[in-house]
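Worksheet for the structure shown next.
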Amino acid sequence: MYATCATEGCSNAYLPVLIPDDAGTVMCGPCGFEVTNITDIKPNEGTVLPEWISEMLTRPNSAS
């Protein structure tokens, strides 16, 4: 899984950080804000997946 901080001015902003699958709540080390952009697809540095894609990745697949 990858976490990407999107806080403007953060030294880790838009740099995907590899985290364990069972990390739970992720807080950014440099700025201290909660990271909500978490995905199992490695994003390109300098970009963040749109929130709706991140939400879709956390949902189980449908039965259809």
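None of the figures in this text is laboratory data; all of them are computed from the coordinates on show. As the structure is a computational prediction, the values presented were derived from the model and not from experiment. Backbone-built Cβ (ideal geometry, glycine too); neighbour counts: all protein chains shown.
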What net charge is computed for the residues neighbouring Met1, neighbours being all others with C-beta under 11 Å from the C-beta of Met1, Lys and Arg scored +1, Asp and Glu -1? -2
Suppose the Debye formula is applied to equal point scatterers at every Cα of segment 1-51; what is log10 I(q)/I(0) at q = 0.16, 0.20 Å⁻¹? -0.37, -0.58
